[in-house]
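Below is one structure, written out as structure tokens; comments come after it.
The values are calculated or read from the model by the stated rules, or taken from the named source; none is laboratory data. Here the structure is a predicted model, which is why all the values come from computation and not from measurement. Ideal geometry is used to build each Cβ from the backbone, glycine not excepted, and the neighbour counts take in all protein chains shown. For accessibility, only protein heavy atoms count, side chains too; no ligands or nucleic acids. Shrake-Rupley method; radii C 1.70, N 1.55, O 1.52, S 1.80 Å.
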Amino acid sequence: MVSRATRTDAPTRREQILKEAARLFAERGFHGVGVDEIGAAVGISGPGLYRHFAGKDAMLAELLVGISGQLLTGGRRRAAEAEQGPDALLDSLIEGHIDFALDDRDLITLHDRELDRLRDSDRKLVRSLQRQYVELWVEVVRKVHPDLVEPQARVAVHAVFGLLNSTPHLSRPGSLPGRESTARMLHRLARGAFAAAAE
């Protein structure tokens with residue numbers, strides 16, 4: 001699954017299905033949505049979905065494993081392309097996560113509610129990808145704030161993720177103060193949290 005925050009071309013039918021599945025699962029819960037409803041949302045019959053996915057469980061797994069992998073890949077790419085030191089890299093990581101938090105809010109809700117419905121192997125993969133993503137941040141945060149020991153930096157990173165991932169609870173998208181204003185505010189809050197942890 002490709003995050004809407006990073007897409008530039010038209011989505012494939014498979015990605016359209018995943019987008020609508022995420023929206024419906026987030027709105028009504030995994031068990032509150034039928035295959036026929038997901039199909040109707042993208043203009044195909046419910047049985048037609050089985051040409052793309054084995055079932056709802058496969059959609060859920062691809063959504064949650066997919067976004068975890070994309071966050072890690074995006075973070076690693078930003079680290080590899082960084083040219084101006086750890087402070088600029090931390091800003092870049094924060095910007096990338098804010099893009100996810102504002103543009104893929106359904107996936108945050110889905111992760112919070114439905115992660116335990118994944119098969120053990122998929123859930124372990126999600127957790128492994130997430131741990132690697134956290135450790136990437138911890139390394140950068142400690143370079144920016146060298147007084148933070150590793151456990152403190154890890155707590156700070158998790159706290160900032162909690163702050164940024166609160167976007168599904170802020171309000172309906174149309175009633176926020178505007179995407180750019182919200183992004184700037186979230187960025188200031190994230191940097192402020194890391195600075196406070198280092199005091």
*Out of the residues in the stretch 167-199 that are of a type in the set (A, V, I, L, M, F, W, C) and in a loop (DSSP other than H, G, I, E, B), state the one that is modelled with the highest pLDDT.*
LEU170
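Conditions (1) over 20 Å from THR109 (Cα atoms); (2) open to solvent by 10 Å² or more (accessible area, probe 1.4 Å); (3) part of a helix (DSSP H, G or I); (4) at pLDDT below 90, marked per residue:
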site: MET1; (1), (2), (3), (4): no, yes, no, yes
site: PRO11; (1), (2), (3), (4): yes, yes, no, yes
site: LEU18; (1), (2), (3), (4): no, no, yes, no
site: PHE25; (1), (2), (3), (4): no, no, yes, no
site: ALA40; (1), (2), (3), (4): yes, yes, yes, no
site: VAL65; (1), (2), (3), (4): no, yes, yes, no
*among the charged types (D, E, K, R), surrounded by fewer than 19 Cβ atoms within 10 Å (Cβ to Cβ) and not in a helix (DSSP H, G or I): does that describe ASP57?*
no
*Please specify each residue of the stretch 39-89 satisfying the condition of being among the polar types (S, T, N, Q) and under 25 Å from TYR133 (Cβ atoms).*
SER68, GLN70, THR73, GLN84
*Within the set of pairs 6+ apart or on separate chains, which have a first residue in the stretch 117-142 that is in contact (Cβ under 8 Å) with a residue 40 or more places away in the chain, a second that is basic (Lys, Arg) and part of a helix (DSSP H, G or I), and C-beta atoms under 7 Å apart?*
LEU136/ARG76
*How do the helices (runs of 4 or more DSSP H) wholly within the stretch 71-166 filter down when requiring 1 or more residues that are open to solvent by 50 Å² or more (accessible area, probe 1.4 Å), of a type in the set (Ser, Thr, Tyr) and modelled with pLDDT of 95 or more: which remain?*
120-144
